[in-house]
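Following: one structure in structure tokens, then a few remarks.
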Amino acid sequence: MPFEQPIATGRITVNASPAAVYRIVSDPPVMITFAEEAYRARWLGRPARAAVGARFRGYNRKGRRRWFTNCTVIAARENERFAYDVDAPFGLPISRWQYDIASAEDGQSCTVTETNWLRVPVWFIPFAIALTGTVDRPAHNARNIATTLGRLKAHLEAAPAS
């Protein structure tokens, strides 16, 4: 991985159980409804659920630009962590996304941390900028993480307790 440190991260406390949070963050077709840049996801093949090695396709947009990526689940620890690697359609590594869930001492809430690393080779960055229209990817992803986590929190706290 060319970039060992995350380029963006965000954290939020949610008044929901780790299980309720995990059910959403580990289901890309559902989680996508809270995202800013990504607008659709679908499982590819079996298993069509959160399991290490499972694959899904993510569809993204920014303005008139549209692109898709292929994702592979690399961590699926129920109620604790969900992570996946993102690759371009031709197999080039792009990024890694990870959701960590930590139960609060009160037993009624938890902290959700969303983290993003770049995996793309440095030589590909100018092409990625041209494709996505995003020059400052770290700042862009940090804003999107804050938006996503805020929407996730609002949804979970409006839902009946699980």
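Could you check, for region 114-125, whether at least one of its residues is of a type outside the set (A, V, I, L, M), within 15 Å of the chain's Cα centre (by Cα), part of a loop (DSSP other than H, G, I, E, B) and closer than 15 Å to Gly58 by Cβ? Looking through region 114-125, at least one residue is of a type outside the set (A, V, I, L, M), within 15 Å of the chain's Cα centre (by Cα), part of a loop (DSSP other than H, G, I, E, B) and closer than 15 Å to Gly58 by Cβ.
Count of region 19-73 residues, restricted to those that are part of a loop (DSSP other than H, G, I, E, B), charged (D, E, K, R) and modelled with pLDDT under 95, is 5.
Name the residue that is surrounded by the most Cβ atoms within 10 Å (Cβ to Cβ), counting only residues in region 94-126 that are touching a Leu at 6+ places or on another chain (Cβ under 9 Å) and among the aliphatic types (A, V, I, L, M). Restricting to residues being touching a Leu at 6+ places or on another chain (Cβ under 9 Å) and among the aliphatic types (A, V, I, L, M), the top hit is Val112. If you filter region 25-72 down to residues that are under 11 Å from the mean Cα position of the chain (by Cα) and of a type in the set (Val, Ile, Thr), you find that the one that is farthest from Glu157 (Cα to Cα) is Ile32.
Here Glu78 passes the criteria (1) closer than 18 Å to Glu36 by Cβ; (2) in contact with a helix residue (DSSP H, G or I) (Cβ under 8 Å, 6 or more places away or on another chain) except the one numbered (1).
The values are calculated or read from the model by the stated rules, or taken from the named source; none is laboratory data. What you see is a predicted model, and the numbers here were worked out from it, not measured in a lab. Reconstructed Cβ throughout: ideal geometry from the backbone, glycine too, with neighbour counts over all protein chains shown.
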